[in-house]
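Engineer: Sending over a structure as structure tokens; questions will come in a sec.
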Amino acid sequence: MAAWDLSVTVEDLGPDAPPVTISVASDLHVGGVIVKLVEKTQIKRDWSDHALWWDQKKMWLLRTAWTLEKYGIHADARLIFMPQHRPLKLDLPNGKTVRLRACFSDPVFQTVMGICRQLNIRHPEELSLLRPVEEKKKKKDKDLNEEIYDLTEVPLSSVSRPCLYNGLPAHFAESEKMEAVYKMLSVTQTPPAPEVITKQYRPASVVDKAHINGRWLDSSRCLMQQNIQENDRLWLRFKYYTFYELDPKYDAVRLTQLYEQARWAILLEDIDCTEEEMMLFGALQYHISKVSQSEPQTLSTNTAMDDLESALLSLEVKMEGESSSATELLETMTAPELNDYLKIFRPKRLTLKGYKQYWFKFQDTSIAYFKSKEESIGEPIQQINLKGCEVAPDVNVAAQKFLIRLLIPAPEGMNEVFLRCENERQYAQWMAGCRLASKGKSLADSSFQSEIQSIRSFLAMQRNNSGSSSNAASSDESINTHSLVSPRYHKKYKTKQLTPRILDAYQNVAQLSLSDALMRFLQIWQALPDFGLSYVVVRFKGSRK
């Protein structure tokens, strides 16, 4: 067959470099063209990620065994030899931006799978990419100063490398910078300022919602075929509203990002909810934010490692005990407990509330009370096992009312018991102990102090709202409730009106763990009537619209 010249632009030579001309025949396969290009450039490097892009046809020549004749390539074809993986900016559901290398030659569905592997998100079939809303020039200039988390240095081969514990990709443990990226992905963000919520784009009608869904990329076509270029900005979002196997142990990033997308859907009124549901969403956001700050996520949470650390700690205690006295060893091994005077009341029919003061001892998961401190050595008047009971607060800081309501399971039903504390310090300690005991945890549990801090934050928020002149509630413990609800309620209620309503809802969720609170938020979101509904613009045959 006759030979002819084919001009190919090699991207690695620079934008001003002339095309490389090689002599080819119609029966030469694409792989042979690539070999000739590499030899002609005389550049020694790894070319395995490079492929040919046919500009006129908007297609990649990925079948290297096909001949030029089979592809229909002639001398006038504009071919570009360039990498398949290229930098791309992604806006995540939590509002942060990452820059990573994505595959521009695979269908978007497979490209999203590669992105999710880098970000440690399971079930990538739930997500997809969409074009961002057109931004004004002022906002574009402002975005030049935004923080971008860079993942472009992650080797492509690392995606297939063995993962660490809990399925965590190894590249997140290679440096402090990468650990910071993982923390950004897996830890919930603080509630946004009200002015930030107001400035966000909100669909004003069903038509606007339909236009948003029109920005999704075609999952069957590659990025290049949809005019996406290197360093362009796209949104990564959950597109399909069926979520499989949400496991907090393996889905830290997935669960956090799904929560962030659901939260913004509530705040921007993408989905309708009642006023009571909005208050509950606000309470859950407040609780999740507080727990996230008091229990920071780390990369070292692993069952096997925890067991090893526990064994080493026990060995250390044992060796220290050999050189210490029996009294010191006994003090070291003594489980923590609470002892103080409290008032108790058991409501019965046709009786007035009469609180009686006793000496209380809180040990393990049970409470015992005695007539006085001196008699606490003997048998208690009664011992109450709190495991499996319901714990509810009844607090009014302004009135100095600190009650703990206990519903204790019994053969004849639920027995109701009220404990009255004297002050905030006492209430925070005993309330935290009751919450842990209801879950079968003792005062020695590591979450005891964080539980106390969470209760103190709640009391500080209520004290700040009541207009008390006390300055004990610092600015970091108070929160603007307008950050927890949609702009509609900014206009309808003042902060002092919203706070007690959110606090009332918060009392019902305050004892939830972080993962349980996230799951509860998502469950309520999925139970909304409009959940899962998507609007699209269609054109009927024979219609002008």
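The values are calculated or read from the model by the stated rules, or taken from the named source; none is laboratory data. Keep in mind that what you see is a predicted model, and the values were worked out from it rather than measured. In this analysis, Cβ positions are derived from the backbone assuming ideal geometry, glycine residues included, and neighbour counts consider all displayed protein chains.
Engineer: Cβ-Cβ distance below 8 Å, separation of 6 or more or different chains: which pairs start in the range 11-30 with a residue that is outside the structural domain of Thr64 (by TED's automatic domain parsing) and end on one that is modelled with pLDDT of 90 or more and surrounded by 13 or more Cβ atoms within 10 Å (Cβ to Cβ)?
Structural biologist: Close Cβ pairs (under 8 Å, with a partner that is modelled with pLDDT of 90 or more and surrounded by 13 or more Cβ atoms within 10 Å (Cβ to Cβ)) do not exist here.
Engineer: In addition: Restricting attention to the range 244-283, which residues are outside any helix (DSSP H, G or I) and of a type in the set (Lys, Arg)? Show your work before the answer.
Structural biologist: If we filter the range 244-283 for residues that are outside any helix (DSSP H, G or I), which is where we start, we get 244-251, 268-274.
Result: Lys249, single match.
Engineer: Name the pairs whose Cβ atoms lie under 7 Å apart, with the first residue in the range 374-391 and closer than 16 Å to Ser442 by Cα, the second in a helix (DSSP H, G or I) and hydrophobic (A, V, I, L, M, F, W, C), and 6 or more positions between them or separate chains?
Structural biologist: Here the result reads Leu386/Cys434; Leu386/Ala437; Lys387/Ala437; Val391/Cys434, each pair linking the range 374-391 to a residue that is in a helix (DSSP H, G or I) and hydrophobic (A, V, I, L, M, F, W, C).
Engineer: In addition: Can you name the number of the only condition in (1) modelled with pLDDT under 85; (2) surrounded by fewer than 16 Cβ atoms within 10 Å (Cβ to Cβ); (3) under 27 Å from Val291 (Cα atoms) that Asp208 fails?
Structural biologist: (3)
Engineer: Residues of the range 1-33 being assigned to a loop (DSSP other than H, G, I, E, B) and surrounded by 13 or more Cβ atoms within 10 Å (Cβ to Cβ), which ones?
Structural biologist: Pro19, Ala25, Ser26, Leu28
Engineer: For residues that are under 27 Å from Ser446 (Cβ atoms) and among the polar types (S, T, N, Q), scanning just the range 258-297, find the one that is surrounded by the most Cβ atoms within 10 Å (Cβ to Cβ).
Structural biologist: Top of the filtered list is Gln285.
Engineer: Still on this structure: For the condition within 30 Å of Leu151 (Cβ to Cβ), modelled with pLDDT under 95 and either buried (at least 16 other Cβ atoms within 10 Å of the Cβ) or under 49 Å from the mean Cα position of the chain (by Cα) (or both), what is the one hit in Lys36, Lys44?
Structural biologist: Values: Lys36 fails: within 30 Å of Leu151 (Cβ to Cβ).
Result: Lys44 is the single residue among Lys36, Lys44 that is within 30 Å of Leu151 (Cβ to Cβ), modelled with pLDDT under 95 and either buried (at least 16 other Cβ atoms within 10 Å of the Cβ) or under 49 Å from the mean Cα position of the chain (by Cα) (or both).
Engineer: I'd like to know if the range 471-479 contains one or more residues that are modelled with pLDDT of 85 or more, under 17 Å from Ser294 (Cα atoms) and of a type in the set (Val, Ile, Thr). Give the derivation first.
Structural biologist: Taking the range 471-479 and keeping what is modelled with pLDDT of 85 or more, we get none.
No, the conditions are met nowhere in the range 471-479.
Engineer: To continue, here is another question. Scan the helices (runs of 4 or more DSSP H) fully inside the range 484-534 and keep the ones with 1 or more residues being within 21 Å of the chain's Cα centre (by Cα).
Structural biologist: Details: elements: 487-492, 495-506, 514-526.
Output list reads 495-506, 514-526.
Engineer: Scan the range 217-228 and give yes if some residue there is buried (at least 17 other Cβ atoms within 10 Å of the Cβ), assigned by TED's automatic domain parsing to the domain that holds Gln110 and within 16 Å of the chain's Cα centre (by Cα), otherwise no. Even if it seems obvious, please write down each step before you answer.
Structural biologist: As a first pass, look at the range 217-228 and keep what is buried (at least 17 other Cβ atoms within 10 Å of the Cβ): 217, 222-225, 228.
Checking the rest, the ones that are also assigned by TED's automatic domain parsing to the domain that holds Gln110 come to 217, 222-225, 228.
Filter once more, keeping what is within 16 Å of the chain's Cα centre (by Cα): none.
The answer is no, given that none of the residues of the range 217-228 is buried (at least 17 other Cβ atoms within 10 Å of the Cβ), assigned by TED's automatic domain parsing to the domain that holds Gln110 and within 16 Å of the chain's Cα centre (by Cα).
Engineer: If Trp235 meets every condition in (1) part of a helix (DSSP H, G or I); (2) closer than 28 Å to Ser175 by Cβ; (3) hydrophobic (A, V, I, L, M, F, W, C) apart from one, which number is that one?
Structural biologist: Among (1) part of a helix (DSSP H, G or I); (2) closer than 28 Å to Ser175 by Cβ; (3) hydrophobic (A, V, I, L, M, F, W, C), the lone unmet condition for Trp235 is (1).
Engineer: I would also like to ask the following. Return yes when Pro107 is in contact (Cβ under 8 Å) with a residue 24 or more places away in the chain, at negative phi and more than 22 Å from the chain's Cα centre (by Cα) and no when it is not. Before you say what the answer is, go through the steps one by one.
Structural biologist: Details: in contact (Cβ under 8 Å) with a residue 24 or more places away in the chain: yes; at negative phi: yes; more than 22 Å from the chain's Cα centre (by Cα): yes.
Yes: the conditions hold for Pro107.
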